[in-house]
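Here is the structure we will look at, set down as structure tokens.
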Amino acid sequence: MDVKVNREEMLPVLNRVVSVVERRQTLPILGNILLRADNDSLTVIGTDMEIEIRAICPAQVIETGEATVPARKLGDICRSLAEGCEMRLKVGGERCVLTAGRGRYVLGTLPAQDFPAMESISPDLAFTLEGGVLKRIFEKTAFAMAQQDVRYYLNGLLLEVDGSGVKAVATDGHRLACYVHPCSLGVTGARSVIIPFKTVNEVRRQLTSGTMPVQIEIAERLIRFIVGETVSSSKLVDGRYPEYGRVIPAGLTKIAIANRDSLRKALARTAILSNEKYRGLRVTFEPGVLRLVAHNPEQEEAVEEMELDYTGEPTIVGFNVAYLSDLLGAVDSNEVEVHFDDGNSSSLWRGVAAAGETYVVMPMRL
């Protein structure tokens, strides 16, 4: 393999692909990326056996071929080179020689045939969303995913697709985020899949707020996201997602409305003196006033008060301040409404007039 590429075209590709490579691997080759040169392009592939990212970079191919090279070393070299320089990658024997300007770097390689390839899929469901729409769906819900829960089906995001649109749900057992995006996808039937935590975050990194289309293909055990020249293929979480509808409280009798930005800032200030381990905060709803109180083991205290549109009985609820901050970061409306009953039951949060979003937060004992 012998190929020339421009640093400015190669670097974004490496940044997308190298991010999926784990720093600690069970197999040495998983620390490498696969380079494949043919048809005036260089295909770059990285994987951790659960997710594979494949991207294409324009190149001048002198000799076709393929090889695997250390992912992070190649990325670091490319990142440190001068802007606009031309890189040449030439593989011979068990070495890849990278030359750029007056610099020469020799990297070890491993056999390309040993690189684990993600199985090809025959999708039984395929549809297209705008990149900005998919990014919004993930940002509205992904923060509530569990990360290392023994209930492995919580370590991901539930995506439900049917002819009326897309619904995303995430929960870690203490909070729940649900967002519905109505649209016509031109699909028949319905499908529910659980996308792994890492896959959701890797795809989020690739998405922009624009209108670039994202082709989504779902098979029995795999899901694929195609964004331009980048293809992300991932295994699905094999499990049954809990019946989240039972967690969403109904018939809550008290409603309060607060300014979202004012509440976020007040939470950030009071969080400074909250318990670093438990992050508990006492929230008091009173007619016209919302009071936030935080304590820590050093007997320090923070108290914040702000205006609140509320006329019901005074109610005190304990919350994890991080949970409230996360959901407020996902709300677009200038005002947020809170539905609750008492300090022992779950509360429901959403932006005012934002019927498509639902956030449920369980109370804390303080």
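Here are some notes:
- The set of residues in region 224-280 being β-branched (Val, Ile, Thr), under 20 Å from the mean Cα position of the chain (by Cα) and buried (at least 18 other Cβ atoms within 10 Å of the Cβ) consists of Val227, Thr230, Val231, Val237.
- Residue ID - nearest to Lys73 (Cα to Cα), chosen from residues in region 96-122 that are of a type in the set (D, E, K, R) and in a loop (DSSP other than H, G, I, E, B): Arg102
- Residue identified as touching a residue at least 12 places away in the same chain (Cβ under 8 Å), touching a strand residue (DSSP E or B) at 6+ places or on another chain (Cβ under 8 Å) and of a type in the set (D, E, K, R) among Arg104, Arg54: Arg54
- Selection count, region 257-282, where residues are free of Cβ contacts under 8 Å to residues at least 40 places away in the same chain and among the aliphatic types (A, V, I, L, M): 2
- The C-beta contact set for region 33-48 (first residue in the same structural domain as Glu9 (by TED's automatic domain parsing) and at pLDDT 95 or above, second residue surrounded by 23 or more Cβ atoms within 10 Å (Cβ to Cβ) and among the hydroxyl-bearing types (Ser, Thr, Tyr), distance under 8 angstrom, 6+ apart or interchain) comprises Ile33/Thr68; Leu34/Thr68; Leu35/Thr68.
- Breaking point among (1) modelled with pLDDT under 95; (2) touching a helix residue (DSSP H, G or I) at 6+ places or on another chain (Cβ under 9 Å), for Ile51: (1)
- Answer residue from region 314-344, given it is loosely packed, with under 12 Cβ neighbours inside 10 Å and in contact with a Pro (Cβ under 9 Å, 6 or more places away or on another chain) and is farthest from His174 (Cα to Cα) among those: Pro314
- Scanning region 217-231 for residues that are in a loop (DSSP other than H, G, I, E, B), under 17 Å from Val44 (Cβ atoms) and in contact (Cβ under 8 Å) with a residue 40 or more places away in the chain yields a count of 1.
- Among the residues of region 232-256, those that are in contact (Cβ under 8 Å) with a residue 40 or more places away in the chain and over 30 Å from Val21 (Cβ atoms) comprise Arg240, Pro242, Tyr244, Val247, Ile248, Pro249, Leu252, Thr253, Lys254, Ile255, Ala256.
- Residue satisfying all of: in region 50-95; part of a strand (DSSP E or B) and in contact with a Pro (Cβ under 9 Å, 6 or more places away or on another chain); farthest from Arg16 (Cα to Cα) among these: Ala67
- Enumeration of residues in region 4-29 that are closer than 21 Å to Phe225 by Cβ, buried (at least 19 other Cβ atoms within 10 Å of the Cβ) and out of contact with any helix residue (DSSP H, G or I) (no Cβ under 8 Å at 6 or more places or on another chain): Val13
- Count of residues meeting criterion [without any contact (Cβ under 8 Å) to a residue 40 or more places away in the chain, assigned to a strand (DSSP E or B) and surrounded by fewer than 18 Cβ atoms within 10 Å (Cβ to Cβ)] in region 129-172: 3
- As a summary of the residue check, Glu83 satisfies the conditions (1) more than 30 Å from Val360 (Cβ to Cβ); (2) in contact with a strand residue (DSSP E or B) (Cβ under 8 Å, 6 or more places away or on another chain); (3) exposed (fewer than 15 other Cβ atoms within 10 Å of the Cβ) except for the one numbered (2).
- Meets criteria (assigned by TED's automatic domain parsing to the domain that holds Gly210 and at pLDDT 95 or above) for Arg224: yes
- Residue list for region 186-204, filter: in contact with a Phe, Trp or Tyr (Cβ under 8 Å, 6 or more places away or on another chain) and either free of Cβ contacts under 8 Å to residues at least 24 places away in the same chain or in a loop (DSSP other than H, G, I, E, B) (or both): Gly186, Val187
- Any hit, region 134-144, residues being out of contact with any helix residue (DSSP H, G or I) (no Cβ under 9 Å at 6 or more places or on another chain) and either more than 27 Å from Val44 (Cα to Cα) or modelled with pLDDT under 95 (or both): yes
The values are calculated or read from the model by the stated rules, or taken from the named source; none is laboratory data. Keep in mind that this is a model prediction, so the values were computed, not measured. When we count neighbours, we look across all protein chains shown, and the Cβ atoms used for this are built from the backbone with ideal geometry, even at glycine.
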